[in-house]
């Protein structure tokens, strides 16, 4: 599973992290630079949909996304599928 | 022609023969005599048969007509009795219905009193809508958006549930057509204040329990509400110790529970709906992203 990050730098949406999981892609939104946890984590169906929604909602263009090490906010417990 | 065997000549009405002198003699006379005799015999036989038939049939016909009249009379009497019995049953059902309606209205009024008191105690003025009518909180089909589950105003625009609608939903959610109702958390979207919401929620739950809702646990009620919201045939996309995701069969609604992860504790739920314009998922209740458990 991959994760992608982009800086939107908008009020209420400083950073967005896309988290791919088996059930879809979580769009994790961080309110500001100091936020350690996303306050929004809507589940989109796939990566293309997640990026399209982020472009509409936060103005994030395709080139702004960069892949980051996988995060486990919505990952199943180790050992679970 | 002499010495030759007379040959019958076939005519329209008679057979012509030759007599001993070789003169032609029409057989019409003999034929007519025979035909007349045969006809008279036939007529006599027919008259006899008709008389015998009438003699045999007439009594049977009379018997049949008498039986028919008797049956018709019995049927009419039975029909009248059945109609009377039916009217009695209808009137009894109507009386039961009216009594039940009156009981429910009384319970609704009582619920309103508790609910309004809870709001007052929480520092909020009760809504001006006043006590709600029992039959007034069935949402006519078409008065809500099936995609979001939100009620619609007179212009067809989404609106939050009123407190009365919400409270009534809490009380009656187990026993009504789910297509007419909304999921409980949707009605909490525009709560006037969190303190009031908690107080009213507790009060409504207490009232629901007093009104017979105790047999249905809050968890079961919530589960039923979620099932209603998703509709039949929903598919589970994920179910493990950290999360649960289920999506409606038509792909327009999804419900999630995060047991662990961002925003936990407490565990919380998400109600998300498909936004056709955006071509993506959005919160079912704008501004209400998480519905925490544990209260």
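Scanning the stretch B:266-281 for residues that are modelled with pLDDT of 85 or more and more than 7 Å from chain A (Cβ to nearest Cβ) gives B:270, B:271, B:273, B:274, B:275, B:276, B:277. Kindly evaluate residue A:48 against the criterion of being out of contact with any helix residue (DSSP H, G or I) (no Cβ under 7 Å at 6 or more places or on another chain), surrounded by fewer than 18 Cβ atoms within 10 Å (Cβ to Cβ) and within 26 Å of residue B:266 (Cα to Cα). So residue A:48 fails the test. Scanning the stretch A:22-59 for residues that are in a loop (DSSP other than H, G, I, E, B), more than 8 Å from chain B (Cβ to nearest Cβ) and over 14 Å from residue A:3 (Cα atoms) gives A:31, A:32, A:33, A:34, A:35, A:36, A:59. So, in the stretch A:25-36, how many residues would count as being free of Cβ contacts under 8 Å to residues at least 24 places away in the same chain and under 25 Å from residue B:271 (Cβ atoms)? Going through the stretch A:25-36 one residue at a time, the tally reaches 3. What residue, among those in the stretch A:63-79 that are modelled with pLDDT under 95 and either part of a helix (DSSP H, G or I) or at the interface with another protein chain (Cβ under 8 Å from one of its Cβ atoms) (or both), is surrounded by the most Cβ atoms within 10 Å (Cβ to Cβ)? Selected residue: A:74.
Being assigned to a loop (DSSP other than H, G, I, E, B) and in contact with a helix residue (DSSP H, G or I) (Cβ under 9 Å, 6 or more places away or on another chain): is that true of residue B:288 here?
Considered against the rule, which asks whether it is assigned to a loop (DSSP other than H, G, I, E, B) and in contact with a helix residue (DSSP H, G or I) (Cβ under 9 Å, 6 or more places away or on another chain), residue B:288 comes out as yes.
Per-residue answers, yes or no, for (1) under 45 Å from the mean Cα position of the chain (by Cα); (2) touching a residue at least 12 places away in the same chain (Cβ under 8 Å):
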{"residue": "B:31", "(1), (2)": "no, yes"}
{"residue": "B:48", "(1), (2)": "no, no"}
{"residue": "B:70", "(1), (2)": "yes, no"}
{"residue": "B:85", "(1), (2)": "yes, no"}
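The values are calculated or read from the model by the stated rules, or taken from the named source; none is laboratory data. What you see is a predicted model; the values in this text were computed from it and never measured. Neighbour counts run over all protein chains shown; Cβ positions are idealised from the backbone, glycine included.
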